[in-house]
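The values are calculated or read from the model by the stated rules, or taken from the named source; none is laboratory data. This structure is a prediction, so every number in the text was calculated from the model and none was measured. Reconstructed Cβ throughout: ideal geometry from the backbone, glycine too, with neighbour counts over all protein chains shown.
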Amino acid sequence: MLQKQKHNYDRALFRLIGIITMLLKDERPTIKFLAEEFNVSVRTIQKDVYQRLGQFEIEKDKSGYLKFGDNFSLTTMKLNFSS
């Protein structure tokens, strides 16, 4: 019987989808909360939010809570897949 091996990209994808889902629900998590929730470092979450999800217009408010920008719309978003 073959065991499925979890890859790092599986965890990263799960984390990115989780972050987007929380923001779509307007839950407004903090970087620290996300790091604890996904059991990764604050630096990993910062990379996720500001690099990997950079096209999603994620902002941090004055209190440190993350949210989508005021003009963000998932339906009108144009993805750029250049390297």
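Brief remarks on what is shown
- Residue count for the stretch 35-50 satisfying the condition of being under 16 Å from Phe68 (Cα atoms) and loosely packed, with under 14 Cβ neighbours inside 10 Å: 2.
- For the stretch 39-83, the set of residues classified as at pLDDT 95 or above, over 14 Å from Leu23 (Cβ atoms) and not basic (Lys, Arg) consists of Asn39, Val40, Ser41, Val42, Thr44, Gln46, Gln51, Ser63, Gly64, listed by residue number.
- Count of the stretch 40-78 residues, restricted to those that are under 13 Å from Ala12 (Cα atoms), of a type outside the set (Gly, Ala, Ser) and either in contact with a Leu (Cβ under 7 Å, 6 or more places away or on another chain) or in a loop (DSSP other than H, G, I, E, B) (or both), is 6.
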